[in-house]
Amino acid sequence: MASNLQQRLDDLRQQLQNASQDISSETIAQLERTARNLLADAKNTPYEATAQTLFGELARLGSPTSPTAATIRGLVRRARIRIEIAGDEDDVDEAIDILAEALALNPKDEDVLALLYEAANRSQQATQRVNDLFARYGIKAEPPTVPPNTALVPANEAPPTYPTSSGYPAPEQEIYQEPSARRMPGRSVIYNSPDLDEIISELTQAYYSGEYQQTVDLANRVLGQQPGNPTALEYRQKAEDNLIRGVVPDHRIPFDARVAYNRANSLVRAGNYDDAEKLYREARDLAERSGILSWKDAEQALLDIQDLALARELLVEGDRLIKSDNWAEALRKYEGALRVVPNDPQTEERIETLRRLQQETDQATVQLSMLNGTLPEQVAQLQNVLTILMRVRQTLPDSQRLAQLTQTANSRLNGIKTQINDQAQTALNRANNSNRLDERLALTNETLQLLELGTKLDPSDSALAEQLLETRSASSDMQRARQVIERAAALVAQNFDNELSQARSMLAGLRDYAQDERYRNVVSDLLSRYVERVEFALEEGNISDVEAWVSTLHEEPFRILGRRSEIIRSENALKSLRQRSTMKLGGIIIGIIAIGIITLLATRGIWSPILFPPPTATPTLTPTPSDTPLPSETPIPSSTPTASSTPTSTNTPTWTFTPSPTITPSFTVTASLTPTETATPTHTPTITPTLTPSDTPTITPTPTVTNTPAVLCRVSNLGTDGVRVRAQPSTRAILIGNLAPRVAADVLRQDRSPDDGRVWYFIYAIIEGSSEIRGWVRSDTVTPLDNCPTL
């Protein structure tokens, strides 16, 4: 019996050595069955330890969580993703390089060989590289027995997992599945022993708490009392498997290994995959040095970190492809990264962004290639294209494809801008050459739209912006002129003097539109109204009104009509009226002169002595008495003045001799109660008596200089009603009087009303020769008799 066990152990060791060169799932499964039977037979024998050692080596060799198997699985996973998302030969070459590393670890791995066959079918260069690898490792170039699967693990069998004890299925679920195979003849099963029940309870508790060695000991005690107990057999087998495979509960993990593992998790969340992988390996090594041959969490974390590194590598390649405008291949890289790491937010964001960029770029390309319609429609389409490209280029500023599309769109815009400028100039020339105001306004508005469109395309064009402002101003003037013409036509239709004057003032400012037919019609209608006023004044014989109306006919806007026959007739009638008036005035003057001559001749006796007085005798020298009383009242004859020789008493010294006075007769007879002769000594020895009507001298006021205000012009009220005169230039000011019809006034100054901006005149007028009026009147309520200066 002992020699048989020794022989079986040697055979198993030899098979393990041979299996190290061909690690296949079938070989590992067959060796595990052999090792399990050998371990069962070697129980409680000296060969049990050797059998357990061989079984542990076999378990480590076939364990999917061993370092070698885990590395191969990661390489196979990366290579399969490369092949599946291969967009060019570079991806296939990189997949072959990855499989070459896996082939160096295990040249007979079926998954590695299957992927190499699949890569060889991609291109002739890949076939040559795969043949070189097969020749290097001595592999026969035969098709694989199992076709390659698209899954990341082989499809013919589920990936073996070895959970911890807490998640392992209870052995009781497999009890009595094959009763005939489990029961041994000749032995009875006793389940009602209180000791056995307590030991089985401890056995179960030890197994689920991770005390696998204690579980084996308890199972051996139960089997010692009851060798065929299925519960003890199953728990002992599972505990031995966990011991051999290195499955331990989490609380058995060393503290240093757990710290390294947690730090690696933090680095993974921060995106530092390289340092995280080093810490995972360090944690695994610490666990192995503590007797934990296999730590599932660390091994799985290493696989995951390889996936994350691969996903990051694919993202980097996708970003590089985007910069080179290879968007389709970049999308394949991103999708491959999302397949490696599902639900990765960065990868999903890149995929969504890339698809949106592709959609918007395709939309802009289609619109650019299908550009049609009118100029405004084409401009709108190009602006939409430029907006899309600008938004896309914010994400990809270095894209040559987007730069080319933008350049093409700008070239189209420049062409449209040139076309817009040409059309605008043509429309503007037509507007300048047109005589009709409506046609000019329509063409100007068309030019304005084109210039606005051109300015919107190129806001930096200063010449275009200046031309736009000029055209906009011209359009505004034309609209205002059309409104003025319509308003003037309505005022002319009312046929009132004030309205006609206002209409004339409005039409006078539209000299630039003198060729417009409607404007000329309104001016002609206004001229006929003024001619009617001239005819009425001629019938009344009022030459001043006729002169005012005829003078108005020579002002704007009637000059645009030229020398009309109506104006000539009015001038001739005015000349005739002036001649008649002159003749009448001449007759009146001649009559007045004749009457004056007759009156002078009739009153010659009265004024002749005054103008031509008779000669007067000169008195002799008479000495002046020293004391002469004043004479009494002496009447002076009214007809002939008599010189008085009685001087006024003066305090003249006696020794002074006064020369003889010379009496000058007075030409005006003045009645005086007391004639007084005052001898005033002068340098000339002549005494001139002065007759004073009274003793009290009369004070004569000295006149002051008054500045006469300058007259700007003259206006007249040619209407039938009085014009209101106010204290201020406003319709809300106090009314101080009325300017009667047919009364002229001087305009001293002018001002604008703060209410509506109209011009007001400050007038001065004399009414009925005695009263005068000063105040403000609105300029459109009176008629200028001559040109008033512009305010």
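The values are calculated or read from the model by the stated rules, or taken from the named source; none is laboratory data. Treat the numbers as computed from the prediction; the structure is a model and nothing was measured. Note: ideal-geometry Cβ built from the backbone for every residue, glycine included; neighbour counts use all protein chains shown. Quick note on the areas: whole protein, heavy atoms, side chains included, nothing else; ligands and nucleic acids left out. Shrake-Rupley method; radii C 1.70, N 1.55, O 1.52, S 1.80 Å.
Overview of values
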{"quantity": "Heavy atoms of Met390: accessible area, 1.4 Å probe, square angstrom to 10", "calculated": "120 Å²"}
{"quantity": "Rounded to the nearest 10 Å², the accessible area of Tyr117 at probe 1.4 Å", "calculated": "40 Å²"}
{"quantity": "Sequence of Glu32, Glu539 from largest to smallest accessible area, 1.4 Å probe", "calculated": "Glu539, Glu32"}
{"quantity": "Under 16 Å from the Cα of Lys238 - lysines, other chains or at least 8 residues apart", "calculated": "Lys43"}
{"quantity": "For segment 453-500, size of Cβ-based charge dipole, Lys and Arg +1, Asp and Glu -1, in debye", "calculated": "160 debye"}
{"quantity": "Sequence ranges 745-756, 361-372, ranked by mean other-Cβ count within 10 angstrom, highest first", "calculated": "745-756, 361-372"}
{"quantity": "Near-label residues of segment 768-791 by backbone N, under 13 Å of a point 7 Å along Cα→Cβ of Val759", "calculated": "778-791"}
{"quantity": "Solvent-accessible area, 1.4 Å probe, carbon plus sulfur percent, for segment 394-548", "calculated": "42 percent"}
{"quantity": "Estimated inter-spin distance, Arg269 and Phe536, nm [label 7 Å along Cα→Cβ]", "calculated": "10.2 nm"}
{"quantity": "Label point distance in nm, Lys584-Ser473, each placed 7 Å from Cα along Cα→Cβ", "calculated": "5.5 nm"}
{"quantity": "Centroid-to-centroid separation of segment 206-231 and segment 713-772 [C-alpha atoms, Å]", "calculated": "132 Å"}
{"quantity": "Calculated FRET efficiency for the pair Glu466/Ile592, C-beta based, R₀ 41 Å, to 0.05", "calculated": "0.05"}
{"quantity": "For Arg564, residues with placed amide H under 5 Å, excluding near neighbours", "calculated": "none"}
{"quantity": "Net lengthening on full extension, Asp525/Leu105 (0.36 nm per residue, minus Cα-Cα)", "calculated": "139.9 nm"}
{"quantity": "Cβ-placed point charges (K, R +1; D, E -1), dipole of segment 415-463 about Cα centre in debye, nearest 20", "calculated": "80 debye"}
{"quantity": "Set of lysines near Lys140 by C-alpha distance (under 19 Å), chain-local residues within fewer than 8 positions excluded", "calculated": "Lys108"}
{"quantity": "Additional length obtainable on full extension of the chain from Ile543 to Arg480, 0.36 nm per residue less Cα span", "calculated": "18.9 nm"}
{"quantity": "Amide H partners (placed H, <5 Å) of Gly737, local residues excluded", "calculated": "Val725"}
{"quantity": "Those aspartates and glutamates that a straight Cα-Cα span of less than 18 Å connects to Lys296, excepting residues fewer than 8 apart in one chain", "calculated": "Glu57, Glu211, Glu240, Asp241, Asp250, Asp256, Glu277, Glu282, Asp285, Glu288, Asp304, Asp307"}
{"quantity": "In order through segment 433-443: 3J(HN,Hα) via Karplus (6.51 cos²θ - 1.76 cosθ + 1.60), integer Hz, x for Gly, Pro", "calculated": "8, 7, 9, 8, 5, 5, 5, 4, 5, 5, 5"}
{"quantity": "Full-stretch length increase - Gln728, Asn4 - with 0.36 nm per residue and alpha-carbon distance subtracted", "calculated": "246.4 nm"}
{"quantity": "FRET efficiency for Gln449 and Glu555, using Cβ-Cβ distance with R0 set to 45 Å, rounded to 0.05", "calculated": "0.70"}
{"quantity": "Table column - 3J(HN,Hα) (Hz), segment 730-740, Karplus curve with 6.51, -1.76, 1.60, x for Gly and Pro", "calculated": "7, 6, 9, 6, 6, 7, 10, x, 10, 8, 5"}
{"quantity": "Cut-off 15 Å between beta-carbons: net charge of the residues surrounding Gln494, Lys and Arg +1, Asp and Glu -1", "calculated": "-3"}
{"quantity": "Projected label distance in nm at Arg36 and Arg356, using a 7 Å step from Cα toward the beta-carbon", "calculated": "5.6 nm"}
{"quantity": "Ile568-Thr418 FRET efficiency (beta carbon distance; Förster radius 60 Å; 0.05 resolution)", "calculated": "0.60"}
{"quantity": "For Ile767, residues with placed amide H under 5 Å, excluding near neighbours", "calculated": "Glu772, Ile773"}
{"quantity": "J(HN,Hα) series, segment 535-549, from Karplus relation 6.51 cos²θ - 1.76 cosθ + 1.60, nearest Hz, glycine and proline x", "calculated": "5, 4, 5, 5, 4, 7, x, 8, 5, 5, 5, 5, 4, 5, 5"}
{"quantity": "Rounded to the nearest 20 debye, dipole of segment 357-515 from Cβ charges on Lys, Arg, Asp, Glu", "calculated": "40 debye"}
{"quantity": "Along principal axes, Cα extents of segment 488-552, largest first, whole Å", "calculated": "37, 21, 16"}
